[in-house]
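The values are calculated or read from the model by the stated rules, or taken from the named source; none is laboratory data. Quick caveat, the model's predicted, so the values are computed rather than measured. Here the Cβ positions follow ideal geometry from the backbone for every residue, glycine too, while neighbour counts run over all protein chains shown. What goes into the accessible areas is simple: the full protein's heavy atoms, side chains included, and nothing from ligands, DNA or RNA. Shrake-Rupley method; radii C 1.70, N 1.55, O 1.52, S 1.80 Å.
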Number of protein chains: 2
Amino acid sequence: MRNQFDKQMDELNIQLIRMGTMCEETIAGVTKSLFEGNVILAREKKQNAREIDRLERDIEQLCMKLLLHQQPVAGDLRQISAALRMITDMERIGDQAEDIAELVILLNGSQIKGAELIDDMALAAVKMVTDSVEAFVRKDIALAENVILEYDIINNFFDRMKNTVVELIIKQYADAESALDFLMIAKYLERIGGHAVNIAEWIIYAMTGKHKEGQNDMVCRR
Amino acid sequence: MRNQFDKQMDELNIQLIRMGTMCEETIAGVTKSLFEGNVILAREKKQNAREIDRLERDIEQLCMKLLLHQQPVAGDLRQISAALRMITDMERIGDQAEDIAELVILLNGSQIKGAELIDDMALAAVKMVTDSVEAFVRKDIALAENVILEYDIINNFFDRMKNTVVELIIKQYADAESALDFLMIAKYLERIGGHAVNIAEWIIYAMTGKHKEGQNDMVCRR
């Protein structure tokens, strides 16, 4: 029984890493498609969101199997509970990447001045997701805490992008609709950063039993 | 054992309805605070998001208890699994309402022309959430399906709001930054509509075992 349990827990970790990696790759891909104005690449990356959804379902099924048939206790239970929350955030990251891909298709190659901010922002977002996966793999609390701090950077980028867009529209340096589409892309990247923060918080919870929002050992408590 | 199980399942339903109602009330409240430029009310409603988080934790704990100690089968398992997904969407609705409240505080009473679109949009968003809770209570598949269709309305509102904001900025009828804040509020309302769609899909899954994304009886399938 225990042996089977360990095997399934290992499988859970492998699948979580796979899902996280797929998220990173998707964000990087859609950003590339934006700067290349590459609608074909955007369509291709949109498919990744489907794959991320499929991984979410597989992992959820695995978690349910573990909960129902293996009666996990304390630490393991926390791992499974955190995994169930992490996959929701990763799935949402996939959705946001898909939303960006749709805007890339809509923009159909249109570019705006100042869009390099988006590039920096996407790099920051990918880094946050990469670091959270890394923190999970290495059980590195300090790295997870760092992901939480990094959110300020991405949020700051969003504010700068907002100012840029206002200026572009007022001075008519850009087609206003395209400028707003770029602003929405910035918003989606900021949200991706937010989800990476959530993932980092769940990693800390899985390791320490403490969650920022006071969700301390929720499952074990009676 | 079975009796205890039924009692806990009833409790689960009551808590889900409570959480849904709290979401409706929060969206309606923050929208009111926006139109009244009422920063105090916005701050008050921001607190609701904390309460929604607390309900999410309580419900999750209840679901985990049911999974671990009651070994539910087929239909009941599906109910619990759907409940776990629904609370994530409701919690996100609370987050979006909190984001709106923060913008209301930032706007500090600033208004823009054409903002009545936001009012219509908020009404549509509240209706979607109300209908999804109602569909859950009455086990009404047709109503849940209707919520999914209603998304087009709210998405269309967002596009109209985008056009309005572009015009306001170009013609300098509004302070550009405030106009973009209103656009972000529209975006959050559109996202709330998206979460209501997710909830409706989980309700249909709980009742039929079929999920739009192919998540058919994921837990029971072996």
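Tabulated data
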read-out: Helical contribution to [θ] at 222 nm, DSSP H n ≥ 4, -39,500 (n - 2.57), averaged over chain B, rounded to 500; value: -30500 deg cm²/dmol
read-out: Two-site label geometry, B:Lys210 and B:Glu116: point separation in nm, points 7 Å out along Cα→Cβ; value: 4.2
read-out: Charged-residue dipole, Cβ positions (Lys, Arg, Asp, Glu), region A:125-221 about Cα centre, Debye nearest 20; value: 200
read-out: For region B:133-167 versus region A:115-155, the gap between their alpha-carbon centres in whole angstrom; value: 33
read-out: Selected from B:Thr164, B:Val133, B:Leu189, residue furthest toward positive end of dipole (region B:83-222; charges at beta carbon); value: B:Val133
read-out: Mean shadow area of region B:1-208 over all directions, Cα convex hull, nm²; value: 10.9
read-out: Minimum 50 Å² accessible area buried by the other protein chains, region A:34-66 residues, probe 1.4 Å, relative to alone; value: A:Arg57, A:Glu60, A:Gln61, A:Met64
read-out: Accessible solvent surface per residue of the protein assembly as shown, calculated while the other protein chains remain in place, 1.4 angstrom probe, Å²; value: 40
read-out: Electrostatic dipole magnitude of the protein assembly as shown [Cβ: Lys, Arg +1; Asp, Glu -1; Cα centre; debye, to 20]; value: 1140
read-out: Degrees between helix A:39-70 axis and first principal axis of chain A (Cα, 0 to 90, nearest 10); value: 20
read-out: 0 to 90° range, to nearest 10: angle between helix B:2-36 axis and chain B longest Cα axis; value: 0
read-out: Estimated distance in nm for a label pair at A:Arg54 and A:Asn13, the labels positioned 7 Å out from Cα along Cα-to-Cβ; value: 2.6
read-out: Shielded residues, region B:173-201 - accessible-area loss of 30 Å² or more between chain alone and all protein chains, probe 1.4 Å; value: B:Ala176, B:Glu177, B:Leu180, B:Met184, B:Lys187, B:Tyr188, B:Arg191
read-out: Share of carbon and sulfur in the accessible heavy-atom surface of region B:23-155 [1.4 Å probe, %]; value: 53
read-out: Spin-label pair A:Asn146/A:Asp159, simplified geometry with 7 Å Cα→Cβ offset, distance in nm; value: 2.4
read-out: Peptide A:96-104 - average C-beta neighbours from other chains (10 Å radius); value: 0
read-out: Computed over chain A: relative contact order in percent, which uses C-alpha pairs under 8 Å that are six or more apart; value: 27
read-out: Positive-end residue of A:Trp202, A:Leu66, A:Ala179, charge dipole of region A:1-208 with Cβ unit charges; value: A:Leu66
read-out: Cβ charges +1 (Lys, Arg) and -1 (Asp, Glu), total dipole of region A:152-197, debye; value: 80
